[in-house]
Every structure is written in C-alpha cells, then in structure tokens.
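Just below is one structure, and these are the notes that go with it.
All of the numbers you see were taken from the coordinates with simple rules; none came from a lab. Just so it is clear, the structure is predicted and the values come from calculations on it, not from any experiment. Quick reminder, even Gly has a Cβ in these numbers, built from the backbone with ideal geometry, and neighbours come from all protein chains shown.
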Amino acid sequence: MRWHLRSGPHASTRCAPVRCSCRLRLDGPRPHLLGPASESRFLNLNADIGEGAGEDEAVLACIDSANVACGVHAGSPSLTIATARRCKALGIQVGAHPGYDDRAGFGRIERSLAAEEIEALIAYQVAALAAVAPIAYIKPHGAMYHRCQRDAASADGLARVAKTFGVGLMGQPGFEIVAAATRAGVPAHREGFADRLMLPDGSLAPRTQAGALLNPSVAAQQAVRLARSGRYDTICVHGDTPGAGQIASAVRGALREAGIETAPLAG
C-alpha cells in the first residue's frame, strides 16, 4: 500500500510542541477514505473536545475533526456553542459527542439505561449541536460509547439517530457501532486510539490499569502503527488527557514524518 502525501498546510508545516497553525481546508471536495487494498489512502485525526478540559486550543491546532461535547456529560451549552464556532473559524470538521447525563462521573460510569432511553438521550444532544453547526458524524462518549460498542440494541438506536440526521458513526472495528452503521446504511468510520493502551481485541484498557494512558512519544508511535495497519479510518486523541496538546502535536508530527497525510472524514 502506498500512502498519498498531498501538498498543502499539513504537508508543509510542523506542529509546535503545544500549538500549531497547520489546518486542512474544507472548502473543496473531501477525499474518501480508501480501503487497505487501494493504491492510496487518507487518514483522519480526531479529538474529543468542548468538555472544559483546558487544552482544546492546542489540540484543535493539530486535528482534522472535532468530537464536540454536547453539554450533558461535561461542559455546558455555552461551551458547546463556542467550541462549534471555533471549529468553524479554524475549518475543522464537527462531529457530535453525546454522553450520559453524569457530570459527577464525567460520563464514564454505565447508567444501565434501556436502549430506548439511550437513543432518546443521543437524539436530544445531537439535535442541540446540529442546531448551531453542521455535523458530519456521531461518536458517543465514555461509558455510552462502550455500551453501544457491545450492545446491538443500543448501537442500532445510535444508528437510527445518525440516519435521521444524515451523518455517519465513529466506532472501533469489530464491535457493534460499526456493525450498526452497516445495518442502517450510514457511513462507518473505523476508529483507533493513539493515547490509550489497546487490548488484543481492539478495545481500550481500563483507565485504572497501569500504563493505560500513553505518553506523547508512545502515542505517536502507536498512531503510526495503527495508520499503517489499514484497519482504521481515523485516530483519536482524547482532549481531556493530561498533556493532550503535547500528545496531539507529537502524533501529528509522527504521521507527517511517516508520510501519512490526513483529511476530514468523507460522508
């Protein structure tokens, strides 16, 4: 497989240690992400932001797509609106990042809701973000993400919301979110994680496990390895991880040095 390195901002500039000004423009046709058997391939770099974690600006400088929190599991409606507007100003693609109504647990605790309740909670949040910004996909947050990854009924509800809004879904390959997207006939964007330890089946190691959070150097190496595997369309950096700006910069730099160019997700 030959990676296609394009000319443009990402090809000619380098992320600073914490902040960079490299941005890929969205004012033109978006290249489709091609399968591993294709001659060339575009990757995507995404991050969860708008959660009040404090390093959003540094992270935004190095990504293509932003998973904007919808003000329920963290942040606020005002922060969601401001974040969506900032993405528009920077030319960054926006995805909806709904989560459980669990601010105390940052949306990381399973709430044991019925699949119908999860679908309604997702629809409510996606509609709020879509009212202020065009969205390209949905990626649930935290415990809701993991619930949809393993529970077909919840994943199908998520896919119904995506179909209603005419957008795709982001999830790990081999789990229910991608399968539900296929069943619903909406785009499925296969996601890997740069800054988290991934288990052999592709799932994430619990945050409580030693070594689950990767440092910038290891995250950068993992991002390149995942990109070259051909199994992923997009790679995530968590905006709430300590040192998220440095991680995003290291990942961006490593991908560029490996000759791997990125772009917004295709519809």
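In this simple spin-label model, placing a label point 7 Å from the Cα along the Cα-to-Cβ direction at both ALA212 and ALA152 gives a separation of 2.8 nm.
So, counting K/R as plus one and D/E as minus one, what does the shell of residues with Cβ under 14 Å around ASN215 add up to?
Charge balance in the 14 Å sphere: 0.
Stokes-Einstein diffusion coefficient for the range 38-257 at 4 °C in a medium of 1.567 mPa s, Rh from the Kirkwood formula over Cα pairs: what value in µm²/s? For the chosen part, D equals 76 µm²/s.
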